[in-house]
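First comes the structure, then the notes that go with it.
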Amino acid sequence: MTIGGSGDGSPAKNRRRDAARVKAKQLRVSQKKKDRRNKVFLQGGIAIAAVAIVVLVSVIIMNSIKPAGPGPKNMASDGALIGEGMVTTLTPALQPDANPRPSKPDTTGAVANIRVYVDYLCPLCGDFEDANNKQIAQWVDSGAATVEIHPVAILTSKSAGTKYSLRAANATACVANYSPDDFFAFSSALFVDQPKETSPGRSDDEIKTVLRKSGVSTALSDINACIEDGTYESWVTAATNRALDGPIPNSSMESIIGTPTILVNGKPYTGSLEDPKEFASFVQVALGETYSTSTPTPDPTPGG
């Protein structure tokens, strides 16, 4: 008699085998459903994450782009005009959609109108400043000349990512707005120990140190906040573009092509930047000549 052979097909074993097959099939079906759910959840999670990233990037971009606002007071010509006694001419703020209001030059031949476009990271601007700042200050203080300083930010990308040119020009605009008669002193101080081109330049805190050392004391907290917030950076960018695009009012120049750009009674100075005697001679000659206005002065749009 053979007991328990491989061909044993008792009803009990068959039932257990069938039950196991059914259970296995149920498990396979359940696992497939679970896999499908996980796939849907994964795809949905990726989509949600992608949307979140897009929103985050958009917020960062929007926060980094300052909307165009009014320019600083006392720079309606895109520059600060300093006259006798080192007093800055007061003007209303330039509205975002308004054209600059060119300063009215003295055409009598009695006063030299000096205009300088400067970038505070520009080494050649530093050379001109070192050689000529003292005599220009003397001429202006005595009433023999006016000087109009136009801060521009051509070298914004040349400071290891810190945008020093833009931030320094913004700082001068802050001073013009809150303490205009300190503009010349602060602008001059930014050229003392001038940062090298391609260096990071000064931090905002270091700019504020220059501010204090230059003697600015009026509305110091407002100016510091203006520097930190970059209040006039959009205006600096617009003013820079206007200078590069032209025309340059009250002059024979179509546009500036670099810094420093120096004009005396509308005539560009192309002599040595480091020879104060040569520049003084040019000023004297320009005083005796007809004021150069070959380029028409644009009609100003009311700036509010």
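For segment 133-148, enumerate the residues that are surrounded by fewer than 22 Cβ atoms within 10 Å (Cβ to Cβ) and not small (Gly, Ala, Ser). Selection gives Asn133, Lys134, Gln135, Gln138, Trp139, Asp141, Thr146.
Given the condition at pLDDT 95 or above, more than 22 Å from the chain's Cα centre (by Cα), acidic (Asp, Glu) and surrounded by fewer than 19 Cβ atoms within 10 Å (Cβ to Cβ), answer yes or no: does some residue in segment 95-110 qualify? Within segment 95-110 (the criterion being at pLDDT 95 or above, more than 22 Å from the chain's Cα centre (by Cα), acidic (Asp, Glu) and surrounded by fewer than 19 Cβ atoms within 10 Å (Cβ to Cβ)), the answer is no, since none of the residues qualifies. Test Ala176 against the stated conditions and say whether it is more than 18 Å from Pro92 (Cβ to Cβ) and either assigned by TED's automatic domain parsing to the domain that holds Ser214 or not in a loop (DSSP other than H, G, I, E, B) (or both). No.
Would you mind telling me which numbered condition in (1) in contact with a helix residue (DSSP H, G or I) (Cβ under 8 Å, 6 or more places away or on another chain); (2) within 18 Å of Asp78 (Cα to Cα) Asn113 fails? It is condition (1) that Asn113 fails. If only residues of segment 116-132 that are touching a helix residue (DSSP H, G or I) at 6+ places or on another chain (Cβ under 7 Å) and in a loop (DSSP other than H, G, I, E, B) are counted, the one that is surrounded by the fewest Cβ atoms within 10 Å (Cβ to Cβ) is Asp119. Can you find a residue in segment 219-233 that is aromatic (Phe, Trp, Tyr) and either assigned to a helix (DSSP H, G or I) or over 18 Å from Thr162 (Cβ atoms) (or both)? No.
Condition first: surrounded by fewer than 17 Cβ atoms within 10 Å (Cβ to Cβ) and within 17 Å of the chain's Cα centre (by Cα). Now tell me which residues in segment 207-229 satisfy that. Show your work before the answer.
Taking segment 207-229 first, the residues surrounded by fewer than 17 Cβ atoms within 10 Å (Cβ to Cβ) are 209, 212-213, 215, 217-222, 225, 228-229.
Hits for segment 207-229 are Ala225, Glu228, Asp229.
Here is a list: Ala238, Ala225. Which entry is under 15 Å from Ala76 (Cα atoms) and modelled with pLDDT of 95 or more?
Working: Ala225 fails: under 15 Å from Ala76 (Cα atoms).
Ala238 is the lone residue from the list that is under 15 Å from Ala76 (Cα atoms) and modelled with pLDDT of 95 or more.
Condition check: under 21 Å from Thr261 (Cα atoms), assigned by TED's automatic domain parsing to the domain that holds Asn133, surrounded by 18 or more Cβ atoms within 10 Å (Cβ to Cβ) and in contact (Cβ under 8 Å) with a residue 24 or more places away in the chain. Does Val152 satisfy that? So Val152 passes the test.
The values are calculated or read from the model by the stated rules, or taken from the named source; none is laboratory data. None of these values were measured; they are calculated from a predicted model. Note that we place each Cβ from the backbone using ideal geometry, even for glycine, and neighbour counts take in every protein chain shown.
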